[in-house]
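In what follows, a single structure is set out as structure tokens and then discussed.
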């Protein structure tokens with residue numbers, strides 16, 4: 001990789017070190033292997049598998065060309081666990097879905113945002129067959145779409161990973177640094193906030209439709225919360241929760 | 001592909017129509033299939049196979065997901081035949097070979113040259129195992145290298161095709177975002193939200209320091225709320241407020 005300087009993100013951390021590739025419910029060992037290979041090609045090392053078929057994961061790790069990336073890859077029981085340490089969670093989609101409530105960026109623009117993020121960035125890839133579920137998308141701050149032809153069908157998983165990572169290490173015109181602010185809240189903090197808020201809303205009789213926790217999760221990701229804001233929100237929600245519980 | 005205008009090359013010809021993907025001595029039907037799929041994803045249609053193993057080509061064309069690109073692909077006995085109609089022939093390599101006498105461009109720069117070319121452009125991909133031979137390279141005006149990490153090994157053929165074609169259709173600056181974002185909540189909505197939240201917090205016994213309403217106002221401004229998010233928050237806070245009032 002010539003010109004390594006362009007790989008430095010906002011706080012001098014190598015982009016390749018700040019990014020985790022998260023495969024959600026991968027089923028095909030060939031695809032897991034292909035994702036690992038693309039990561040190695042472009043210098044990325046942190047591969048995470050969520051609810052992978054055990055057999056598929058084992059086969060990918062034991063494959064004849066399985067390299068260090070696959071060897072070091074980790075399994076997670078839930079998506080929430082896999083992204084808990086990330087301050088920016090991005091879902092990938094090749095479909096144009098106008099029904100989604102989540103913002104969709106073009107890959108080219110997404111790369112700029114990734115480079116400007118503080119902290120860990122998780123990039124999620126769904127299974128070949130179904131992509132990311134609506135629940136998976138609830139964990140995302142926004143989605144990214146590779147500019148494929150509408151109606152040309154979905155991308156192969158290994159190719160989607162390759163193209164996405166290529167865009168991240170691609171030579172980009174200088175990204176201006178932003179003045180450093182409070183660190184962003186990570187996904188674990190946001191999940192805790194969402195759960196307490198959900199509890200309070202249940203006690204208050206608000207919960208009457210489906211998918212409320214999914215909606216709250218998406219809402220929380222759109223809030224762009226800094227750590228101190230997340231702490232303030234937790235304090236408020238806990239107090240309200242305490243009051244509601246003490247009176248019922 | 002939104003903003004199709006960016007796909008026009010120098011003479012008003014669609015880039016996707018001016019480019020031929022040439023696989024030289026491909027051996028693996030899966031890779032031929034993967035190349036065809038990436039081409040379809042990005043809107044390219046002209047696939048040429050040079051000295052392909054007949055069995056591999058037949059298997060790729062007969063595969064369960066073989067689309068129009070594979071169906072329309074053509075066989076050539078020699079590389080010279082395959083590129084005879086092209087005015088620009090580009091070889092791809094993932095290796096850094098300092099012994100080569102051929103100019104090597106970075107992929108990012110190569111894409112510009114492709115778009116400026118008059119006439120047909122052939123992009124050659126060698127076999128997985130050996131890449132392009134020195135003789136193959138003799139047919140090339142120059143080579144292009146995908147910026148992979150030195151020493152990380154060669155790229156998978158299907159992934160190399162995907163990344164190369166992506167760079168060709170990649171956005172020129174200034175393509176409008178796909179999903180128009182909801183308008184931002186205005187100050188009046190935010191103030192209303194802050195006042196109701198403040199009221200709820202008072203009832204819950206949270207208010208014990210000064211300037212809480214000021215802190216809440218600042219918090220609300222940092223939330224970057226869209227109108228529909230503001231409506232959702234108002235609904236939640238009103239419900240909690242109603243519950244707290246009904247019980248005191």
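Coordinate-derived values only; no laboratory data. What you see is a predicted model, and the numbers here were worked out from it, not measured in a lab. Glycine gets a Cβ as well: all are built from the backbone with ideal geometry, and neighbour counts include every protein chain shown.
Data overview
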| quantity | calculated |
| --- | --- |
| The range A:4-169 - percent relative contact order, Cα under 8 Å, separation 6 or more | 31 |
| Global form of the range B:31-106, assessed from the alpha-carbon gyration tensor, a/c cut-off 1.5 | prolate |
| Position residue A:242, label points 7 Å along Cα→Cβ, spacing to each other copy in nm (shortest first, one decimal) | 2.7 |
| Ascending list, in nanometres, of distances separating the residue B:63 label from those of the other copies (7 Å, Cα toward Cβ) | 1.4 |
| Extension reserve of the residue B:245-residue B:75 stretch, reckoned as 0.36 nm per residue once the Cα distance is removed | 53.3 nm |
| Relative contact order for the range B:187-246, counting Cα pairs under 8 Å that sit 6 or more residues apart, in percent | 55 |
| Label-zone membership for the range B:212-248, site residue A:134, 7 angstrom Cα→C-beta point, backbone N under 18 Å | B:229, B:232 |
| For the protein assembly as shown, share of DSSP beta bridges that run antiparallel, in % to the nearest 5 | 10 |
| Amide N proximity, the range A:210-239 versus residue B:232 label position 7 Å along Cα-to-Cβ, cut-off under 12 Å | A:211-224 |
| Per-pair calculated FRET efficiency, R0 = 35 Å: residue B:218 and residue A:210 via Cβ, rounded to 0.05 | 0.55 |
| Among beta bridges that DSSP assigns inside chain B, antiparallel share in %, nearest 5 | 10 |
| Shape of the protein assembly as shown, Cα gyration tensor, a/c cut at 1.5 | prolate |
| Mean residue ellipticity (222 nm) of chain B, computed from DSSP H runs ≥ 4 via -39,500 (n - 2.57), nearest 500 | -13000 deg cm²/dmol |
| Per residue, the convex hull volume that the Cα atoms of chain B enclose (Å³) | 207 |
| Euclidean distance of C-alpha centroids, the range B:218-248 and the range B:62-136, integer Å | 58 |
| Distances in nm from residue B:133 to the matching label points in the other copies, shortest first (labels 7 Å along Cα to Cβ) | 5.2 |
| Peptide B:136-148 - average C-beta neighbours from other chains (10 Å radius) | 2 |
| Mean shadow area of the range A:187-246 over all directions, Cα convex hull, nm² | 3.9 |
| Protection proxy ranking of A:143-156, B:219-232 - average other beta-carbon atoms within 10 Å, highest first | A:143-156, B:219-232 |
| For residues of A:151-162, the mean tally of beta carbons on other chains within 10 Å | 6 |
